[in-house]
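Everything on this sheet refers to the single structure shown next.
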Ligand code: NAD
Ligand code: MG
């Protein structure tokens, strides 16, 4: 039986790599749904090549263009966020790869989990914003959440078969990004072109900036907390600039397991899509002799304050991570438009965490309102 796959966010970095994985294994996967926000040209091209049954363009102004271009294909075309949610809740697929970036990915992931579906989760913001609600949905509807983020895939791979055994702590590895070792007097002047040059990974713009500011690792701490049901103090971060160890788990007997490999997102994508099986591929292999030293150092949270702010939000709980995420989405977008400086991003996030009212046990509605309120507040700090 082939797995029927829905790729939400097929035009992005994760989405396009997922298409490569699926194309390489036509015996295992069947492409059912592709979605994109506004890149109609690429969505049309992907649909013509991969022939899914359904495509959804969430930017409704592009519907006509997509529909006309695909009129001679046997493909149903839909538009708008409502269609994303409806199709996520439908029986048209077996596994949904959640690869939309940001808060925008929350509603479709929730719709899938409410139907007890299997979700391969790349969209970490979903768990940062509403991790408590999302984890409850997984339990209540016997849904499955399989991580795609490389660190979380690493941890997941380390704990497969260890269900009886308690985890003492996990160690998330961080590459440190392009500004590893730099200090505020340098960072004050950096621009987006430099911040977008990640040393080890090629990714979408938002996560690349998050990696440069270490916010990505902060978001990943919160993501890990909910994915693996951990206490805050069980989550550690270490800078490992080679990105070979993707993360580690220490069990209660002190034994540590690490998952290693060259940095290539196709591996965790393939693992999540094929789980519980490993499938053969021709990805480049890691060789110890090419990496005579693997290094580890403590993150400089005095310089990269976003990591400290994310940890603070995690410890506060409630709606604080939602505030952190919303403010971060706004400042990253502004940084990419050269409207705020690199260090100013942390100032604005900190102000939002101070000013938005704290809610200890938010409902989904509270999270949605909190996201809007924080976005407005963060935008008001940007000229
Ligand atoms: P990207 O910017 O390259 O792609 C984002 C995708 O989301 C695109 O297909 C776009 O059309 C869609 N999208 C954007 N805004 C949308 C909206 N408002 N409504 C509906 N769809 C929308 O991003 P990416 O790098 O592929 O990352 C996707 C997610 O995966 C992010 O949450 C990121 O943190 C996570 N992730 C990415 C990587 C990576 O290597 N790229 C690694 C780990 C985790
Ligand atoms: Mg990651």
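Only one of 201, 226 is within 10 Å of ligand 1 (Cβ to nearest atom), assigned by TED's automatic domain parsing to the domain that holds residue 307 and either assigned to a loop (DSSP other than H, G, I, E, B) or over 23 Å from residue 22 (Cα atoms) (or both); which?
Details: 226 fails: within 10 Å of ligand 1 (Cβ to nearest atom).
After applying the criteria, what remains is 201.
Looking at this structure, is residue 197 touching a residue at least 24 places away in the same chain (Cβ under 8 Å) and over 18 Å from residue 126 (Cα atoms)? Steps first, answer last, please.
Values: touching a residue at least 24 places away in the same chain (Cβ under 8 Å): no; over 18 Å from residue 126 (Cα atoms): yes.
Against the criterion (touching a residue at least 24 places away in the same chain (Cβ under 8 Å) and over 18 Å from residue 126 (Cα atoms)), residue 197 does not qualify.
Of all residues in the range 104-123, those satisfying the criterion of being under 21 Å from residue 38 (Cα atoms), surrounded by fewer than 24 Cβ atoms within 10 Å (Cβ to Cβ) and more than 11 Å from the chain's Cα centre (by Cα) are 104, 107. Restricting the range 58-71 to residues that are without any contact (Cβ under 8 Å) to a residue 24 or more places away in the chain and in a loop (DSSP other than H, G, I, E, B), the residue that is surrounded by the fewest Cβ atoms within 10 Å (Cβ to Cβ) is 71.
For the range 196-220, the tally of residues that are more than 11 Å from ligand 2 (Cβ to nearest atom) and within 22 Å of residue 100 (Cβ to Cβ) stands at 12. Within the range 198-233, being more than 22 Å from residue 309 (Cβ to Cβ) and either surrounded by 23 or more Cβ atoms within 10 Å (Cβ to Cβ) or at pLDDT below 95 (or both) holds for 199, 200, 201, 202. Among the residues of the range 19-39, those identified as buried (at least 24 other Cβ atoms within 10 Å of the Cβ), more than 7 Å from ligand 1 (Cβ to nearest atom) and not in a helix (DSSP H, G or I) are 31, 33, 34. When residue 269 is tested against (1) crowded, with 20+ Cβ neighbours inside 10 Å; (2) touching a strand residue (DSSP E or B) at 6+ places or on another chain (Cβ under 9 Å); (3) not in a helix (DSSP H, G or I), exactly one condition is not met: (3). If you check residue 153 against the conditions, is it within 11 Å of ligand 1 (Cβ to nearest atom) and part of a helix (DSSP H, G or I)? Criteria met by residue 153. Against the test of being in contact (Cβ under 8 Å) with a residue 24 or more places away in the chain and surrounded by fewer than 23 Cβ atoms within 10 Å (Cβ to Cβ), the options 326, 310, 334, 378 yield a single qualifying residue, 334.
What do you reckon, is residue 133 closer than 20 Å to residue 100 by Cα, in a helix (DSSP H, G or I) and either away from ligand 1 (no atom under 16 Å from the Cβ) or modelled with pLDDT under 95 (or both)? Before you say what the answer is, go through the steps one by one.
Values: closer than 20 Å to residue 100 by Cα: yes; in a helix (DSSP H, G or I): yes; either away from ligand 1 (no atom under 16 Å from the Cβ) or modelled with pLDDT under 95 (or both): yes.
Against the criterion (closer than 20 Å to residue 100 by Cα, in a helix (DSSP H, G or I) and either away from ligand 1 (no atom under 16 Å from the Cβ) or modelled with pLDDT under 95 (or both)), residue 133 qualifies.
State yes or no: is residue 16 within 13 Å of ligand 1 (Cβ to nearest atom) and buried (at least 21 other Cβ atoms within 10 Å of the Cβ)? The answer is no for residue 16.
The values are calculated or read from the model by the stated rules, or taken from the named source; none is laboratory data. Computed from a predicted model, the values in this text were never measured in an experiment. As a convention, Cβ positions derive from the backbone with ideal geometry for all residues, glycine included, and neighbour counts pool all protein chains shown.
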